[in-house]
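Asks: One structure coming up, written as structure tokens, with questions to follow.
The values are calculated or read from the model by the stated rules, or taken from the named source; none is laboratory data. The shown structure was predicted, so the numbers you read here are calculated from the model rather than taken from an experiment. Don't worry about glycine lacking a Cβ; one is built from the backbone with ideal geometry, like all the others, and counts go over all protein chains shown.
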Amino acid sequence: MSSEYPLVAGAETAREGAAIKTFVERLFARAGKLPCSFDVRTPGGVVRAGDGAPEFELTIHNNDGLSALKSLDELHIADAYVRGDLDIEGDVVKAMWLRDALFDDNRWLKMLNRKLLPLFVGRKKLNPSWIAKHYDSKNIQLYATDDDYHAYTPGIYLDDEETLEVSSERKYQFAFDNLGLNAGDELLEIGCGWGGMTQFCAKRGVRVTAITLSKDQLGYTNALVDRLGLADKARATYQDFFTFEPGRRFDGISCMGVIEDLSDYPKVMERFASLLKPGARAYLDFASGKVPFATSSFVTKYIWPGTFRMAYMPQLMEAIDRSRMQLSALWNDRRNYYLWAKNGQLRWVQNKAKIVAEAGEEMYRLFRLLFMGTAGVMNNPNYDVTAYRMLLELPAEGAVGLRRS
């Protein structure tokens, strides 16, 4: 071993030691400079990568885990973690920065989901199953969310130590205020999640029409509004946004964490303009990448298949510019997204025993990796991924400018 990654304890076999040495050398070659030092542990010993105290530890449980690491293939490593061949503990968010040194060249997987299946089967037929892949998981995601609203998109943090509950309440109030809603108004909520915005608005006298393609979320949201005595104000229906024809216009649209699933931006803007009353607004929050399709193979395989992608701002802004919708305000949400994912991961780990009992070890590992990876990309210093809150407005007829906030 070189001085850059000394052997702390002897590897179980010379072959094992050589394999770990190869992995670390290739990682250094790809990364140039590691974000921090870390340990690679096997049953026979520990290898230190980098200088100084390790900030996290990779544990290899078997040959499959070792082979996955040697490949430097992000999806193979993710597969190994989900199966339990590998473990990551310590500063797991910083560990995700090592993804910059990994390969993600699974072009066939991405081409099949993003182009071939939509082309030959059709997006309308595929969309329900795509959404169900992640969201119809027996509501297991609630173990990573706040207790009051079960928000599955970032809250707004004024302090890094604030809770999920405080940040989620502030987010919904922020959206409510910026939409300019009042009692008696009607809101269209696209992708209602587990009823956070639905209940927040209904409690304030706003009538909410919520649509979703998750049957689990549909059942949960309608049970929630019934339990809270809000059934006269809110109702969720199983409905695709692109085929939704309500026959009326709304006083506002909420689209939180959903534009990533609605990648046909010109069509989205056309639909917003047809569904909003003149002078009404649409509120969105979303993750954004620097390239048109920044979605990892792990996300495509396990989480959001199909045409899901982080929003690509040049294309989104062009679609807005060519539509009747006007950009009213834009806020950077990257820090909020990082804190939400980091805190969600911590809460997920705290609830491990319950999650494993209900859904199994593999499901626990799958979602933990999602939360770790999300927090990692949202505080990675390369800034390849960010997030935004956006406010759009359909100008009132004859208006010279947008209405004031």
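Results for (1) surrounded by 21 or more Cβ atoms within 10 Å (Cβ to Cβ); (2) out of contact with any helix residue (DSSP H, G or I) (no Cβ under 9 Å at 6 or more places or on another chain); (3) in contact (Cβ under 8 Å) with a residue 40 or more places away in the chain, shown as yes or no for each residue.
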residue	(1), (2), (3)
LEU339	yes, no, yes
GLN345	yes, no, yes
ASN351	no, no, yes
LYS354	no, no, yes
GLU362	no, no, yes
PHE367	yes, no, yes
GLY373	yes, no, yes
TYR388	no, no, yes
ARG403	no, yes, yes
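Asks: Which one of TYR143, TYR157, TYR149 is buried (at least 18 other Cβ atoms within 10 Å of the Cβ), in a helix (DSSP H, G or I) and at pLDDT 95 or above?
Replies: TYR143
Asks: Oh, and also: Going through segment 34-89 one residue at a time, which ones are out of contact with any Asp or Glu (no Cβ under 9 Å at 6 or more places or on another chain) and at positive phi?
Replies: GLY52, LEU72
Asks: Look through segment 190-207, keep the residues that are part of a loop (DSSP other than H, G, I, E, B) and over 20 Å from the mean Cα position of the chain (by Cα), and return whichever of them is surrounded by the most Cβ atoms within 10 Å (Cβ to Cβ).
Replies: So the residue we want is VAL206.
Asks: Considering only residues that are surrounded by 18 or more Cβ atoms within 10 Å (Cβ to Cβ) and among the basic types (Lys, Arg), which ones fall in segment 208-234?
Replies: Across segment 208-234, the qualifying residue is only LYS233.
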